[in-house]
1. Test of understanding: among Ala43, Ala56, which residue is at pLDDT 80 or above, hydrophobic (A, V, I, L, M, F, W, C) and not in a loop (DSSP other than H, G, I, E, B)?
2. Using beta carbons and a limit of 9 Å, which pairs, at least six apart or on different chains, have the first residue in the stretch 45-73 and closer than 15 Å to Gly31 by Cβ and free of Cβ contacts under 8 Å to residues at least 60 places away in the same chain and the second one of a type in the set (S, T, N, Q) and surrounded by 11 or more Cβ atoms within 10 Å (Cβ to Cβ)?
3. Just checking, does the stretch 14-25 include any residue being among the charged types (D, E, K, R) and touching a residue at least 12 places away in the same chain (Cβ under 8 Å)?
4. What number of residues within the stretch 59-73 are in a loop (DSSP other than H, G, I, E, B) and either in contact with a His (Cβ under 8 Å, 6 or more places away or on another chain) or hydrophobic (A, V, I, L, M, F, W, C) (or both)?
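The values are calculated or read from the model by the stated rules, or taken from the named source; none is laboratory data. From a predicted model like this one, the values you see are computed outputs, not experimental measurements. Cβ placement follows ideal geometry from the backbone for every residue including glycine, while neighbour counts extend to all protein chains displayed.
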Amino acid sequence: MRLVATEYLSLDGVFEEPGHWSGPFFNDEAGQFKWAELQASDALLLGRKTYEGFLAAWPNMKGTGEFGVKMNT
C-alpha cells in the first residue's frame, strides 16, 4: 500500500480558499494531472471541512464527466 499526500498550497503557505488564489491558474494540464492522481487513488482521506464542502458541491455539479463520477463514488 502507498500513501500519497496532495495539497493546494502556495509557496508562502496559503492554503485557504483555493478557488481565489489557484483558480485562475488551473488549466488543462493541471486538470489532467489531478485526473491521473484521482484515477490512481482507491480512497480519499479528507478533513471534516473539506468533506462537508465536497458533500455539498460534488453531487450537484453538472458536466464533470468521469471526474465527477469518481468523486461521487
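1. Ala56
2. Close Cβ pairs satisfying both conditions: Met61/Asn72; Thr64/Asn72; Lys70/Ser41; Met71/Thr64.
3. Within the stretch 14-25, none of the residues are among the charged types (D, E, K, R) and touching a residue at least 12 places away in the same chain (Cβ under 8 Å).
4. Residues in the stretch 59-73 being in a loop (DSSP other than H, G, I, E, B) and either in contact with a His (Cβ under 8 Å, 6 or more places away or on another chain) or hydrophobic (A, V, I, L, M, F, W, C) (or both): 1 in total.
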